[in-house]
Amino acid sequence: MNIEVWRQYELSFTAEHTYANPYTDVQVWADFTHEPTGTVLRRPAFWDGGSTWRIRFASPLSEGRWSWRTDSSVDDPGLAGRTGELTLVPAESADRFLSHGFWRMSPGGRSLVHADGAPALLVADTAWGLPWRATEDDVRVYAADRAEKGFNAVLMMSVQPDMHARGPRDRTADEGFDIGFEDLKDGRLDQLNPAYFQYLDKLVAILGERGIVPVLQPVFQGFGWKGRSVAGTVVPPEEYARYCRYLVARYGARPVIYLVGADGSGEEPQIAAGGREIEEWDAYGQPCGIHYRPHARNGAHQDAAWLDFQWCQTGHRGEHAPERVADMWRNEPVKGVANGEPTYENSGATGKGAGWWQGHEAWSNLCAGGTMGVVYGAGSLWQWRLHAEEPDHDPYFLAPGCGWREALDFEGSRYVGLVGRILDGLPTTDMRPEWELAIAPRGLMDGAGTLYISYGEHGGPLRLVPATAGAVPRSYRVIDPRTGETVAEGVRGADDLAIPDEGGAPRVYICYDG
């Protein structure tokens, strides 16, 4: 078989024996050995119903060939001892991930980079309920909108997490949802439904066609969908870990982020068990981290080898709290930081966290040290409320009078999506908060001293500190972050201590070498 670098390929195997529960009773994997380098990558298989197992693989190398051999926890000639070869051929696509490789954490641990070192910035939307509520047509509409606005990732609960949620098994019916595990309602993860994940494959593929990376959460630890007893704090840790391995097997040969814990304290035993399993089986080193509830310390497992990032949550009262991000930035050992859940736009009341509030929030969190990226959410969208009158949702989290489709058009999403476009192509890797170069409350500097960014809520001249002005690169652009338009640019004179702007509107100041 011929393959291209970084593109997912699939191998299928048929068991010759019958198993009572293939998902729990059988483990299958393959070792891929590269010639001529000798690099070895191990990829787990996933059970896909009946007697079928599949292994998905992507080559991080662009030349040579891979030989592979399977092994299994059971003596089954259909699963163990199978062999083959994959030959690399030149890539035909200019897709960013195929060109630069999957995301991983930067050398300094502060930001995302591609496998080849190219800088990356997470610009994520929140559609927790998409995997078990949305249809293929829905996701085509959703992905087109988010990609057009500049988003490159989406936070999703991989399964509906509430044990006591009830409704028809129908994505198009009021209160309906699809089911990933038949026994999740009992606090278990043993009875996997392959058809559910086959459909999720289609949704993830649609997102991928638009360059949107899934941020997959196994089973929520906090509020969940309707606040009805989440399974993420109840399921046995070994079952949670096994499911994390399944997610790595099924989705880990394409761009992905693993959100192993969400909306909890971070100390729930399921989280560490899942994190260790992801680290063991993820051959590509894709990011894995924790997203916290609003009232958490935000530092669980800080020294764990499997932990790459920590995301705070500042809740849904419509208040800016970038100090939560700044506090995490100071934690050691260093991890990536972001505010993974600011106030959802129009959550609970029209106008809450609405419009430019979201843009100000994104730039403030970024400059406070949230250099992994920015995250947005909208009321009624995250639940994937089917229409404006669908009943049985907590009104505190709904956008009044809106279903997911209306929420897709909320104004604030445009401003958050623009953050990545404004910074695209800049050397943003491992930027750090910087307060000594300008008389400004928000600023970032890269380690090489070639890029300085400042955000001003009301614009006006950016006044540099005389003693340190020489450290600020002299070429500059002043940008309106509400439109992405450059409103001024130039080269600062050696004695100039200000970057000019009339003021009265938000501004982003980008100072760079070149």
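So which of 423, 418 ends up being open to solvent by less than 20 Å² (accessible area, probe 1.4 Å) and within 30 Å of residue 449 (Cβ to Cβ)?
One residue alone meets the criteria, 423.
Answer yes or no as to whether residue 109 is free of Cβ contacts under 8 Å to residues at least 40 places away in the same chain and assigned to a loop (DSSP other than H, G, I, E, B).
Values: free of Cβ contacts under 8 Å to residues at least 40 places away in the same chain: no; assigned to a loop (DSSP other than H, G, I, E, B): yes.
Taking the combined requirement at face value, the residue does not satisfy it.
If the Cβ limit is 6 Å and pairs must be 6+ apart or interchain, which residue in segment 268-281 that is acidic (Asp, Glu) and in a helix (DSSP H, G or I) pairs with which residue that is at pLDDT 95 or above and open to solvent by less than 30 Å² (accessible area, probe 1.4 Å)?
277/241; 277/244; 277/245; 279/306
Could you tell me how many of the residues in segment 316-374 are among the aliphatic types (A, V, I, L, M), over 24 Å from residue 421 (Cα atoms) and part of a helix (DSSP H, G or I)?
1
Here is a yes/no grid of residues against (1) open to solvent by 10 Å² or more (accessible area, probe 1.4 Å); (2) touching a residue at least 40 places away in the same chain (Cβ under 8 Å):
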| site | (1), (2) |
| --- | --- |
| 442 | yes, yes |
| 460 | no, yes |
| 470 | yes, no |
| 476 | yes, no |
| 491 | yes, no |
| 495 | yes, no |
| 503 | yes, yes |
| 507 | yes, yes |
| 511 | no, yes |
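List pairs: first in segment 44-56 and under 15 Å from residue 254 (Cβ atoms), second assigned to a loop (DSSP other than H, G, I, E, B) and small (Gly, Ala, Ser), Cβ under 7 Å, 6+ apart or cross-chain?
From segment 44-56, the pairs are 56/253.
For segment 11-43, what are the residues that are assigned to a loop (DSSP other than H, G, I, E, B), over 12 Å from residue 73 (Cα atoms) and in contact with a helix residue (DSSP H, G or I) (Cβ under 9 Å, 6 or more places away or on another chain)? First the steps, then the outcome.
At the first step, the residues of segment 11-43 found to be assigned to a loop (DSSP other than H, G, I, E, B) are 15-21, 26-27, 36-39.
When the remaining residues are screened for being over 12 Å from residue 73 (Cα atoms), the result is 15-21, 36-39.
Residues satisfying the conditions are 15, 19.
List every residue pair whose Cβ atoms lie under 6 Å apart, where the two residues are 6 or more positions apart in sequence or sit on different chains, the first residue falls within segment 20-34 and is within 26 Å of residue 284 (Cα to Cα), and the second residue, located anywhere, is of a type in the set (Val, Ile, Thr) and open to solvent by less than 40 Å² (accessible area, probe 1.4 Å).
26/74; 30/55; 30/70
Restricting to segment 144-162, and then to whatever is in contact with a strand residue (DSSP E or B) (Cβ under 9 Å, 6 or more places away or on another chain) and either surrounded by fewer than 19 Cβ atoms within 10 Å (Cβ to Cβ) or basic (Lys, Arg) (or both), can you tell me which residue is farthest from residue 244 (Cα to Cα)?
Within segment 144-162, the first condition is being in contact with a strand residue (DSSP E or B) (Cβ under 9 Å, 6 or more places away or on another chain), and the residues that meet it are 146, 149-159, 161-162.
From what's left, either surrounded by fewer than 19 Cβ atoms within 10 Å (Cβ to Cβ) or basic (Lys, Arg) (or both): 146, 149.
Details: 146: 27, 149: 31 Å.
Within segment 144-162, the match that is farthest from residue 244 (Cα to Cα) is 149.
Restricting the search to segment 316-373, which residues are farther than 17 Å from residue 290 by Cα, open to solvent by 30 Å² or more (accessible area, probe 1.4 Å) and β-branched (Val, Ile, Thr)?
Selection gives 350 alone.
What are the residues in segment 223-248 that are assigned to a loop (DSSP other than H, G, I, E, B), within 20 Å of residue 166 (Cβ to Cβ) and either in contact with a Gly (Cβ under 9 Å, 6 or more places away or on another chain) or open to solvent by less than 10 Å² (accessible area, probe 1.4 Å) (or both), if any?
Of segment 223-248, the ones assigned to a loop (DSSP other than H, G, I, E, B) are 223-229, 234-236.
Restricting the remaining residues to those that are within 20 Å of residue 166 (Cβ to Cβ) gives 223-229, 234-235.
Of everything in segment 223-248, those that are assigned to a loop (DSSP other than H, G, I, E, B), within 20 Å of residue 166 (Cβ to Cβ) and either in contact with a Gly (Cβ under 9 Å, 6 or more places away or on another chain) or open to solvent by less than 10 Å² (accessible area, probe 1.4 Å) (or both) turn out to be 224, 225, 229, 234, 235.
State whether the residues of segment 81-98 include one that is outside any loop (DSSP other than H, G, I, E, B), of a type in the set (Phe, Trp, Tyr), open to solvent by 10 Å² or more (accessible area, probe 1.4 Å) and in contact with a His (Cβ under 8 Å, 6 or more places away or on another chain). Quick ask: steps written out before the conclusion?
Narrowing segment 81-98 to residues outside any loop (DSSP other than H, G, I, E, B): 83-88, 96-98.
Those still in the list that are of a type in the set (Phe, Trp, Tyr) too: 97.
Now narrow it down to the ones that are open to solvent by 10 Å² or more (accessible area, probe 1.4 Å): 97.
From what is left, the residues that are in contact with a His (Cβ under 8 Å, 6 or more places away or on another chain) are 97.
Within segment 81-98, one or more residues are outside any loop (DSSP other than H, G, I, E, B), of a type in the set (Phe, Trp, Tyr), open to solvent by 10 Å² or more (accessible area, probe 1.4 Å) and in contact with a His (Cβ under 8 Å, 6 or more places away or on another chain).
The values are calculated or read from the model by the stated rules, or taken from the named source; none is laboratory data. Quick caveat: nothing in here was measured; it's all calculated off a predicted structure. Cβ atoms come from the backbone with ideal geometry, glycine included; neighbour counts cover every protein chain shown. Side chains included, ligands, DNA and RNA excluded: accessible areas come from the protein's heavy atoms. Shrake-Rupley method; radii C 1.70, N 1.55, O 1.52, S 1.80 Å.
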